[in-house]
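Presented below is the structure to which this report refers.
The values are calculated or read from the model by the stated rules, or taken from the named source; none is laboratory data. Predicted, not measured: the structure shown is a model, and the values here were computed from it. Here the Cβ is made from the backbone with ideal geometry for all residues, glycine too, and neighbour counts use every protein chain on show. Only protein heavy atoms, including side chains, enter the accessible area calculation; ligands, DNA and RNA are left aside. Shrake-Rupley method; radii C 1.70, N 1.55, O 1.52, S 1.80 Å.
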Amino acid sequence: MLEIHKLNKSYGSHCALSELDLRVQEGEIFGLLGPNGAGKTTLIRIINQIIEQDSGEVRMDGVLLSGASIRKIGYLPEERGLYKKMSVWDQLIYFSRIKGLTALEAKQRVNYWLERFEIASWKGKKIEDLSKGMAQKIQFIATVIHQPRLLILDEPFSGFDPVNAALLKTEIINLKKEGTTILLSTHRMESVELLCDQVAMIHKSKKLLDGSILDIKSRFRPAQIRVTLELGNTALPNQWEVESTEKNRVSLLLPLQGQSPNQLLRELMSFGEILAFQEVFPSMEEIFIQQVNSSVDA
Amino acid sequence: MHKVFLVIQREYLARVKKKSFLIATILTPLIFPAILAVFVWIAVEEKENQSLRVIEVVDETGLFFMESSEQYAFSSSSKTLEEAKALVLEGKRYGALYLPKMELSSPQGIQFYGIENPSTALIGYLEAALKRKVEDLRLYANGIDPAVLKEIRTQVKIQSLTLGEAGEEVITDATVNYALGFLAGILIYLFIFIYGNQIMQGVIEEKSTRIVEILVSSLRPFQLMMGKIVGIGAVGLTQFLIWVFLVGTLSTIVVGVLGMQMPQQQAMEMANPELMAATSEAGDLGGILHVIESIDFVRLIVAFIFYFLGGYLLYGALFAAVGAAVDAPSDAQQFMFPITIPLLVGYMSLFVFVLQDPYSSVSFWLSIVPLTSPIAMMGRISYGVPFWELALSMGLLMLGFLGTTWMASKVYRIGILMHGTKPTYRTLLKWIRTNH
């Protein structure tokens, strides 16, 4: 759905993006991961046509980005705000019209979303009279009001309170079910691990790696196994790392050292009753750090 | 284009719908007539309710006879100064006027005693009356009858006319031209400042709330900037037109109802009838009307609206650029300098040069250079400006507007996305030079 090819952008002598390639499939949630300053926001601004790339191309549905793409994209910037003195209704109508909806469409869509969030009674309220959480809902509606096919969320969970963050998560999943492609950018990698189908890691203007989360993680084994045992009479080998002990119940984190999980399982059985046995992948953050270090070494 | 219209519409309605707009628009023009009405009313009331004030005259020369007026009565009962002072202290007299023995050629030592500090009106009244008496006495002493002299006194009044190219004669009056130039110049100055600031505030609001990122993902920064400038300009124009209407109507009513009984004017006439006669003849309503009729109002109004909008657009773009460059209104001060200075120069020179001598070369240049021309040219225009000067000034103003807008749009499109760093003039210059 979205193809990015050899994208370059620099500000003066500072290089923000270099030779970046990305491919986002229709209907998936794509995570753009990387620390602050990696170039995520620059990439998002280029997709939104807020700034222009120095070279390279961005295609949507195989077509280079143009004015017509605006209607298809919804964008929630990292830091948010609305016109404080404007009413909820006027504000939402304005944003939908700016995105290219007709007056009639705009009215219908605004009504639909206010009903969907059960907040139709806020219509006449000014933003300054709303709580922060309420304003966040309006902000989200303003982002999706024109039924974008591609939704770009920059650090979506920062700044949202837990209740709204949960609501946002639900809405993201709903929108995905409705067929929306979602590009999610964040530096808090753990927050999106469960949400994203595909991710790309960016560091210092370059792509470090991409693929599905499972792919990446299995590529970055050695995986470890978390085991919970009810100890018998045999003592555990000293080199095994005990995470916690509760009465005679212990939790262990064991590396697979050339064994298959079944071999390990068999070995463990001799020590007592196995209550849990689970493969533990390194977190995306660990993978990221590992990857950054190895690229520095190289 | 239709998106620019949406921006204009939002900027316009967001401001016009505010209660503060309604209040400012309706109250501001009411303030002047209201203040006028209150003063007139107080003066009229005071005059009607005032008890007669009695002033004891202690005249050691025996030459003066003071005529009583509606407000002041003079008692001359040959008291000594001490007796008169005592009467004042007892409250039986409002004041005591002491006229010592004096040379009429140089009257000195006249004193007024009172419990209150006497009003300047009273002192002025007394001085004028005494001056007339002394002059009359001295005329008699020189064998001249004041009545004869009064008859000889002549008023000379010059009617000024300007000759048009075809030799047509137009009656002019510098006072009317001055007033028109003054009013138009000040209005343009205020308009640029007040609404320019609103542009800046608006840009800062959108930048600091990051609304601008959503907006510029939907329309080009230039469209956004122009939409804001035009929308706010339309608010100003609306407000101005409502003011013109309200001030016109109200002033007519107030002057119509109360104008006939202006006490200050009467007081002035009493104090100095000759001067009054001269000015009232020059300021004769018919004469002024005649002058006003001779002014080409269509030209004046067209020019006013042109400079009004041209000046606003020229400076509006600069205000927008400053708003885009900074993060908060408090940071804007450092960049306001190049905007404020030419505006202030235009404003000050309106009084110092333009209205004093509209045809001097300083006035000419001020009304040609785009940064000062909106104010300076409006100061000159009612005096009559050759067509080519007007055309040159207007043409340059349009070029100036295009220039500032071009510069501003470059600063704007980069500035609105920059946060956290305080730009300097050098960074601004770099932004202007950047292509994209």
Largest first, how would A:9, B:85, A:125 line up by accessible area (1.4 Å probe)? A:125, B:85, A:9
Largest first, what is the accessible-area ranking of A:60, B:407 with a 1.4 Å probe? B:407, A:60
A correct Karplus calculation of ³J(HN,Hα) over segment B:60-70, with 6.51 cos²θ - 1.76 cosθ + 1.60, θ = phi - 60°, whole Hz and x for Gly and Pro, returns 7, 8, x, 9, 9, 10, 8, 7, 6, 10, 4
Under a plain spin-label model, where a point goes 7 Å from the Cα along Cα-to-Cβ, how far apart in nm are residue B:297 and residue A:11? 5.6 nm
Only Cα pairs under 8 Å and at least 6 apart count here; give the relative contact order of chain B as a rounded whole percent. 19 percent
Rounded to the nearest 10 degrees, what's the angle between the helix B:273-282 long axis and the longest principal axis of chain B, both from Cα atoms, 0 to 90? 40 degrees
Count the DSSP beta bridges whose two residues both fall in chain A, then state the antiparallel fraction as a percent rounded to the nearest 5. 70 percent
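Need one value for B:7-20: mean number of C-beta atoms belonging to other chains within 10 Å of its residues' C-beta atoms. List each step's numbers first, then the result.
Values: counts 3, 0, 2, 8, 0, 0, 3, 7, 1, 0, 4, 1, 0, 0.
Counting Cβ atoms of other protein chains within 10 Å of each residue's Cβ and averaging gives 2.
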Just tell me how shielded A:41-51 is by partners: mean number of partner chain Cβ atoms within 10 Å of each residue's Cβ, no decimals. 3
How much FRET efficiency would the formula 1/(1 + (r/R0)^6) give for residue B:90 and residue B:70, where r is the Cβ-Cβ distance and R0 is 30 Å, rounded to 0.05? 0.75
Inter-label distance for residue B:116 and residue A:36, nm, one decimal - labels placed 7 Å from Cα along Cα-to-Cβ: 7.0 nm
Quick check: the angle from helix B:120-141's long axis to the longest principal axis of chain B, C-alpha only, nearest 10 degrees? 50 degrees
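Rounded to the nearest 20 debye, what is the charge dipole size of segment B:58-117 about its Cα centre when +1 sits on each Lys and Arg Cβ and -1 on each Asp and Glu Cβ?
Details: 5 positive and 9 negative charges, 23 e Å.
Approximately 120 debye in magnitude.
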Starting from segment B:99-160, pick out the GluC sites (Glu not before Pro) whose DSSP state is loop and whose Cβ has at most 11 other Cβ atoms within 10 Å. B:103, B:116
Neighbouring partner chain Cβ atoms per residue of A:75-84, average, 10 Å criterion: 5
Compute, for the protein assembly as shown, the length of the dipole vector about the Cα centre, with Cβ point charges of +1 (Lys, Arg) and -1 (Asp, Glu) only. Units Debye, rounded to 20. 2260 debye
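Would you please give the FRET efficiency between residue A:275 and residue A:25, computed as 1/(1 + (r/R0)^6) with r the Cβ-Cβ distance and R0 = 30 Å, to the nearest 0.05? Before the final figure, lay out the partial values.
Details: r = 40 Å, r/R0 = 1.32.
Calculated transfer efficiency: 0.15.
Using a 1.4 angstrom probe on the protein heavy atoms only, line up A:196, A:15 by accessible area, largest first.
Working: A:196 15, A:15 60 Å².
Ranked from most to least accessible, the order is A:15, A:196.
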How many nm is it between the label spots at residue B:142 and residue B:154, if each spot is 7 Å from the Cα in line with the beta carbon? 1.9 nm
Which one, A:166, A:51, A:211, is farthest towards the positive end of the dipole of chain A when Lys and Arg carry +1 and Asp and Glu -1 on their Cβ? A:51
Putting +1 on Lys and Arg Cβ atoms and -1 on Asp and Glu Cβ atoms, find which of B:129, B:160, B:199 reaches farthest to the positive end of the dipole of the protein assembly as shown. B:199
Which residues of segment B:188-213 bury at least 50 Å² of accessible area once all protein chains are present, versus their chain alone (1.4 Å probe)? B:209, B:210, B:211, B:213
Could you state how much accessible area is buried at the A-B interface, both sides summed, with a 1.4 Å probe, in Å² to the nearest 100? 2400 Å²
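Report relative contact order for chain A in percent, whole number only (criteria: Cα-Cα under 8 Å, sequence separation at least 6). Walk me through the intermediate numbers first.
Details: 496 pairs, mean separation 62.7, N = 298.
Reported relative contact order: 21 percent.
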Cross-link reach list, lysines versus residue A:177, counting only Cα pairs under 18 Å and skipping chain neighbours closer than eight places: A:72, A:169
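Roughly how compact is chain A, stated as its Cα Rg over 2.2 N^0.38 Å to two decimals?
Details: Rg = 23.8 Å, N = 298, 2.2 N^0.38 = 19.2 Å.
Expressed relative to 2.2 N^0.38 Å, the Cα Rg reads 1.24.
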Heavy-atom accessible area of residue B:35 with all protein chains present, probe 1.4 Å, nearest 10 Å²? 80 Å²
Degrees, to the nearest 10: B:285-294 long Cα axis against longest axis of chain B: 30 degrees
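Which whole-number value in Å² is the accessible area per residue of segment B:322-403, probe 1.4 Å? Walk me through the numbers on the way to the answer.
On the way: 3480 Å² over 82 residues.
Each residue of segment B:322-403 exposes 42 Å² on average to a 1.4 Å probe.
Tell me, what % of the accessible area of chain A is carbon and sulfur with a 1.4 angstrom probe? Kindly include the intermediate steps, with their values, before the conclusion.
On the way: 7100 of 14330 Å².
Heavy-atom surface of chain A belonging to carbon and sulfur, 1.4 Å probe: 50 percent.
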Accessible surface of residue B:208 - all protein chains present, 1.4 Å probe, nearest 10 Å²: 60 Å²
What FRET efficiency comes out for residue A:230 versus residue A:283 if R0 is 35 angstrom and r is the Cβ-Cβ distance? Round to the nearest 0.05. 0.80
